[in-house]
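Structure first, commentary second.
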Amino acid sequence: MSELDVVKYRVEDRIAWVYFSRPEKRNAMSPTLNRRMAEVLDELEFRDDVGVLVLGGEGTAWSAGMDLKEYFRETEAQGLKGVRKSQRESYGWFRRLRWFQKPTIAMVNGWCFGGGFGPLFACDLAITADDAKFGLSEINWGILPGGGVTKVVVDLLAMRDAMWLTLTGELIDGRKAAEWRLVNESVPLDRLEARVREVAQLLLTKNPVALKFAKDAIRRVGTMTYDEAEDYLVRMQEAANFHDKSDGRKEGIRQFIDEKSYKPGLGAYDLSKASA
Ligand code: COA
């Protein structure tokens with residue numbers, strides 16, 4: 001098996017299906033996997049034939065978190081230099097994914113532990129299988145949830161739920177994860193891929209520039225005051241206008257007001273009629 005095989009991907013109908021691919025190690029994130037994932041994101045991000053990225057896991061796991069042997073023990077054996085390097089590599093691709101050019105969907109098919117919450121949060125949307133299991137196992141082996149994970153649960157969950165996961169190390173299943181809003185939806189495993197495809201296809205009908213600016217805005221405004229956010233959003237829309245060479249918003253208005261060919265309240269304008 002080549003080192004490249006720890007991440008697999010295919011592009012189909014404008015959806016990039018990317019998979020953690022160390023099923024025999026429950027897709028634990030090793031330094032090799034982290035480096036390869038960064039390369040794969042790089043390869044896919046600006047491809048014209050990619051409009052949405054889905055991140056799934058091969059086998060029974062989505063990801064069993066950081067690889068305790070290769071990510072922790074072996075890098076610690078190299079001293080601080082090794083530790084910092086492996087942290088940079090993993091945090092690097094999580095960050096890259098958070099700000100990815102295209103919308104992203106976590107397709108959580110199975111185990112999702114600890115460090116796995118990093119890419120889970122990095123994906124814009126998350127859909128899981130009812131019986132997938134989520135947990136912060138860190139407390140079970142004697143550490144706090146680092147690598148941004150504590151921040152992830154505080155941002156995504158109610159304080160009591162974040163505290164519960166963190167202190168007990170107990171698992172919740174996909175249904176509970178949806179109830180707690182750690183993910184958007186939970187569906188039976190045999191419907192997971194179809195449901196993710198449906199959501200991806202819905203995203204593909206939207207203006208891609210608007211999607212990128214809107215998803216970044218969601219992540220940015222949380223820490224801003226109202227006035228800062230208001231100002232930021234005005235400037236971001238103006239920047240979006242510059243980037244959107246199709247003049248999408250004008251076309252969207254035209255198709256509704258002049259052409260009367262769609263209703264914005266009920267769906268997106270026809271992207272294919274836009275000029276560029
Ligand atoms: N780091 C390193 N190796 C891991 C791993 C991890 N996070 N998760 C699983 N593996 C390895 C196991 O060591 C085992 O390797 P081996 O076949 O060489 O013995 C292999 O993957 C299969 O794991 P196993 O425990 O037999 O699978 P399972 O299906 O019975 O259990 C889990 C799955 C995920 C519950 C269990 O592997 C586990 O608890 N993993 C650790 C989760 C964790 O704490 N992650 C760290 C968060 S920061």
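Any residue that is in contact with a strand residue (DSSP E or B) (Cβ under 9 Å, 6 or more places away or on another chain) and in contact (Cβ under 8 Å) with a residue 24 or more places away in the chain - is there at least one of those in region 240-247? Write out each step before concluding.
Initially, region 240-247 is screened for residues in contact with a strand residue (DSSP E or B) (Cβ under 9 Å, 6 or more places away or on another chain), giving none.
Within region 240-247 (the criterion being in contact with a strand residue (DSSP E or B) (Cβ under 9 Å, 6 or more places away or on another chain) and in contact (Cβ under 8 Å) with a residue 24 or more places away in the chain), the answer is no, since none of the residues qualifies.
For region 149-234, list the helices (runs of 4 or more DSSP H) that sit wholly inside it and hold at least 2 residues that are of a type in the set (Lys, Arg) and more than 17 Å from the chain's Cα centre (by Cα); which are they? So that I can check it myself, show each step before the final result.
On the way: elements: 149-156, 159-168, 174-179, 189-204, 208-221.
Correct list: 174-179.
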Practice problem: Test ALA240 against the stated conditions and say whether it is in contact with a helix residue (DSSP H, G or I) (Cβ under 9 Å, 6 or more places away or on another chain), surrounded by fewer than 18 Cβ atoms within 10 Å (Cβ to Cβ) and assigned to a helix (DSSP H, G or I). | Solution: no
Practice problem: Take region 39-92 and flag every residue that is within 17 Å of THR104 (Cβ to Cβ) and of a type in the set (Lys, Arg). | Solution: ARG47
Quiz item: Does region 53-65 contain at least one residue that is away from the ligand (no atom under 16 Å from the Cβ), in contact with a Leu (Cβ under 7 Å, 6 or more places away or on another chain) and free of Cβ contacts under 8 Å to residues at least 40 places away in the same chain?
Solution: no
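Looking at region 1-88, what strands (runs of 3 or more DSSP E) fall wholly within it and have at least 2 residues that are surrounded by 24 or more Cβ atoms within 10 Å (Cβ to Cβ)?
Values: elements: 7-12, 15-20, 52-57, 61-63.
Per the criteria, 15-20, 52-57, 61-63.
Kindly indicate whether LEU136 is touching a strand residue (DSSP E or B) at 6+ places or on another chain (Cβ under 9 Å), of a type in the set (A, V, I, L, M), near the ligand (Cβ under 10 Å from one of its atoms) and closer than 21 Å to ARG175 by Cα.
Working: touching a strand residue (DSSP E or B) at 6+ places or on another chain (Cβ under 9 Å): yes; of a type in the set (A, V, I, L, M): yes; near the ligand (Cβ under 10 Å from one of its atoms): yes; closer than 21 Å to ARG175 by Cα: yes.
Spelling it out, LEU136 is indeed touching a strand residue (DSSP E or B) at 6+ places or on another chain (Cβ under 9 Å), of a type in the set (A, V, I, L, M), near the ligand (Cβ under 10 Å from one of its atoms) and closer than 21 Å to ARG175 by Cα.
Please find, within region 119-151, the residue that is farthest from GLN87 (Cα to Cα) out of those that are among the aliphatic types (A, V, I, L, M) and surrounded by fewer than 21 Cβ atoms within 10 Å (Cβ to Cβ).
Residues of region 119-151 that are among the aliphatic types (A, V, I, L, M), as a first pass: 120, 122, 125-127, 129, 132, 136, 139, 143-144, 149.
If we keep only those that are surrounded by fewer than 21 Cβ atoms within 10 Å (Cβ to Cβ) as well, we get 125, 139, 143-144.
Working: LEU125: 24, ILE139: 20, ILE143: 16, LEU144: 15 Å.
Once the filter is applied, the top-ranked residue is LEU125.
Read-outs throughout are calculated quantities, based only on the coordinates presented, and are distinct from any laboratory measurement. Worth saying up front: this structure is predicted, and the values here are computed from it rather than measured. When we count neighbours, we look across all protein chains shown, and the Cβ atoms used for this are built from the backbone with ideal geometry, even at glycine.
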